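One structure below.
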Amino acid sequence: MSEALRDVARDKDARAVAEREYPMVATQYYLSLARPEATDPILHQCLPDEAEVDQTGQDDPLAEERDSPVPGLVHRYPDRALLVVTNRCAVRCRHCLRKRIWGDRAVDMTDDRFEAAARYLEETPSIREVLVSGGDPFLLSNETLAHRLERLRRIPNLEILRVGTRVPAVLPSRITAEFAALVGAYRPLWVDTQFNHPRELTDAAQTACEQLTRAGVPMVNQSVLLRGVNDDVEVLERLFRGLLRFGVKPYYLFHGDPVLGTLHVRTGVERGQHIMERLRARLSGLALPTFVIDLPDGGGKIAVTPETPVRRRDQNTVELLSVDGRSIRYPDPVAKP
Ligand SMILES: *Cc1c(COP(=O)(O)O)cnc(C)c1O
Ligand code: SF4
């Protein structure tokens, strides 16, 4: 939390503080999916909440900035890297992992910075896949997006391009046949999207996904397990079955990272395991995502199954094993009822 926020928090209404620090951005389309209820899963994902002024968590718990060899590029795993091409999003999610880059205005990566990142990718042949992310790359102009993808496609070691975008869920009208053809021109390219609730599975969203897959772009989905939105077996079952019908493979279900300003939507590791155990009994392997925790401090992603040992140290911390067998403390407050 910034000093400024701390000062305001002392004497102003918490909701107003949350709105100031993390301004709301949403599309008409996304808001049209909401119902006027306090517990609405759409509103809960995009309306400022006074709980966001809570000071638990970190700006950058995954230490992305530390693993950044050139600005905008995160290189943590030998064979793949993550490229942040813009901070713009059609809807700003209250649970966003990169709230730290929201700022108060839209910032796209400059040509110079992009070129520096492209050179790094070119000079690091172990990297076979780049995940173009943000923000939301599908909010770039067609021209800029095509330019970025074309430059990446020319890098011989980059076998696979992957674009992370929430546009199919929050602004599906952006994905016309023409746009899908533009993206499909840079195959092999995968789209990694984010649907979190079955209410988001509209006809318009289905059309958007089908435009992409018809253009030869396979799609996977990464959901975030969100308290009060989808931390429920029936809700997730409907979500994953629906995605599969759209031709989108449920890939990951993330446990929310300990990001500053997101404590109110975090669920708890043990509860996640319990939900996964019940889902496994109900869903085909195609419909079932891997439950994943991204360990703090750049520890990397680990798959958590119902059998994974999770040792609770206290009300606020559990211990997990990293991929290389180290015991890692993970902030996981027992959810308030
Ligand atoms: C998540 C992530 C990736 C992609 O990982 P997959 O497990 O292949 O989806 C790549 N780089 C960074 C830094 C990441 O956090
Ligand atoms: S779409 Fe992704 S980057 Fe944008 S606000 Fe949501 S979680 Fe954050």
Practice prompt. Using a 10 Å cut-off on Cβ atoms, rank the peptides 100-106, 24-30, 158-164 from the highest mean neighbour count down.
Written response: 158-164, 24-30, 100-106
Worksheet, complete the sentence: Rounded to one decimal in Å, the inverse mean reciprocal Cα-Cα distance for segment 128-195, i.e. its Kirkwood radius, is 12.1 Å
Practice prompt. Measure of size requested: the Rg and Dmax of segment 151-281, with Cα atoms as the atom set and Å as the unit; please supply both.
Written response: 16.0, 45
Worksheet item: How high is the relative contact order of segment 66-198, given as a whole-number percent (alpha carbon pairs under 8 Å, six or more residues apart)?
Response: 25 percent
Worksheet entry | Accessible surface of the chain [probe 1.4 Å, protein heavy atoms]: carbon and sulfur percent | 51 percent
Discussion item. Restricting to DSSP H runs of at least four residues, report the calculated mean residue ellipticity at 222 nm for the chain, -39500 (n - 2.57) per run over all residues, nearest 500 deg cm²/dmol.
Written reply: -9000 deg cm²/dmol
Worksheet item: What list of ³J(HN,Hα) values in whole Hz, one per residue of segment 279-284 in order, does the Karplus curve 6.51 cos²θ - 1.76 cosθ + 1.60 (θ = phi - 60°) give from phi, with Gly and Pro shown as x?
Response: 5, 4, 6, 10, 10, 5
Response to the item:
In nm, the gap between the two label points placed 7 Å beyond Cα toward Cβ at Thr176 and Thr207 is 1.2 nm
Worksheet item: If contacts are Cα pairs under 8 angstrom and at least 6 residues apart, what is the relative contact order of segment 1-147 in percent?
Response: 25 percent
Worksheet, complete the sentence: Between Val132 and residues 5 or more places away or on another chain, the pairs with built amide H atoms under 5 Å apart involve Leu83, Arg162, Val163, Gly164
Item to complete: Residues in segment 216-242, backbone N under 16 Å from the label point at Arg187 (7 Å along the Cα-to-beta-carbon vector): list them, ranges by number please.
Response: 216-220
Response to the item:
Taking 118-127, 56-65 and ranking on average Cβ neighbours within 10 Å, highest first, one gets 56-65, 118-127
Response to the item:
Computed from the beta carbon distance with a Förster radius of 45 Å, FRET efficiency for Arg326 and Arg245 to the nearest 0.05 stands at 0.65
Response to the item:
The set of residues whose placed amide H lies less than 5 Å from the amide H of Val224, leaving out same-chain residues fewer than 5 positions away, is Phe254
Worksheet item: What full-extension length gain, to one decimal in nm, is calculated for Asn142 and Leu286 as 0.36 nm per residue of separation minus the Cα-Cα distance?
Response: 48.6 nm
Discussion item. Under 10 °C and 1.306 mPa s, how fast does segment 65-150 diffuse according to Stokes-Einstein, given a Kirkwood radius computed over C-alpha pairs? Answer in µm²/s, whole number.
Written reply: 118 µm²/s
Item to complete: Work out the length of the dipole vector of segment 68-152 about its Cα centre, built from +1 on the beta-carbon of each Lys and Arg and -1 on the beta-carbon of each Asp and Glu, and round it to the nearest 20 debye.
Response: 560 debye
Worksheet entry | Within a Gaussian network of the chain (alpha carbon springs, distance under 10 Å), most fluctuating of Asp232, Asp112, Asp136 | Asp112
Worksheet item: With the other protein chains left in place, how much accessible area per residue, in square angstrom, belongs to the chain at a 1.4 angstrom probe?
Response: 45 Å²
Worksheet item: Karplus couplings for segment 214-224 from phi (6.51 cos²θ - 1.76 cosθ + 1.60, θ = phi - 60°), rounded to Hz, Gly and Pro as x?
Response: 5, 7, x, 10, x, 10, 10, 10, 10, 9, 10
Worksheet entry | For segment 29-175, the Rg and Dmax computed from alpha carbons only, in angstrom | 16.8, 52
Practice prompt. Sort the chain into rounded, prolate or oblate with this rule: let a ≥ b ≥ c be the square roots of the eigenvalues of the Cα gyration tensor; rounded if a/c is under 1.5, and if a/c is not under 1.5, prolate when a/b is larger than b/c, oblate otherwise.
Written response: rounded
Worksheet entry | Potential lengthening between Val25 and Asp13 on full extension [0.36 nm per residue; Cα-Cα distance subtracted] | 2.3 nm
Worksheet entry | Cβ-based charge dipole, segment 1-124, positive-most Cα from Ala16, Thr86, Ala116 | Ala16
Discussion item. Run the simple label-point estimate for Arg313 and Thr39 please: 7 Å along Cα→C-beta, distance reported in nm.
Written reply: 3.4 nm
Worksheet item: Residues with amide H under 5 Å of Leu295's amide H, sequence separation 5 or more or different chain, H placed in the peptide plane at 1.01 Å from N; which?
Response: Gly300, Lys301, Ile302
Response to the item:
Charge tally for neighbours of Leu158 with beta carbon under 14 Å away, counting Lys, Arg as +1 and Asp, Glu as -1, is +3
Worksheet item: Using a 1.4 Å probe, how large is the accessible area of Glu277, given in Å² and rounded to the nearest 10?
Response: 100 Å²
Worksheet item: For the chain, what relative contact order do you get, as a whole percent, if you take Cα pairs closer than 8 Å and at least 6 residues apart?
Response: 16 percent
Worksheet item: Plugging the Kirkwood radius over Cα pairs into Stokes-Einstein for segment 222-337, at a temperature of 37 °C and a viscosity of 0.692 mPa s, what D comes out in µm²/s?
Response: 225 µm²/s
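Sorted by average packing, counted as other Cβ atoms within 10 angstrom per residue and highest first, what order do 74-81, 45-52 take? The partial results should precede the final answer.
Numbers: 74-81: 17.1, 45-52: 19.6.
Listed from highest to lowest mean packing, they are 45-52, 74-81.
The values are calculated or read from the model by the stated rules, or taken from the named source; none is laboratory data. Remember, predicted model here, so these are calculated numbers, not experimental data. Here Cβ is always computed from backbone atoms with ideal geometry, including for glycine, and neighbour counts include all displayed protein chains. Ligands, DNA and RNA are excluded from the accessible area calculation, which covers all protein heavy atoms including side chains. Shrake-Rupley method; radii C 1.70, N 1.55, O 1.52, S 1.80 Å.
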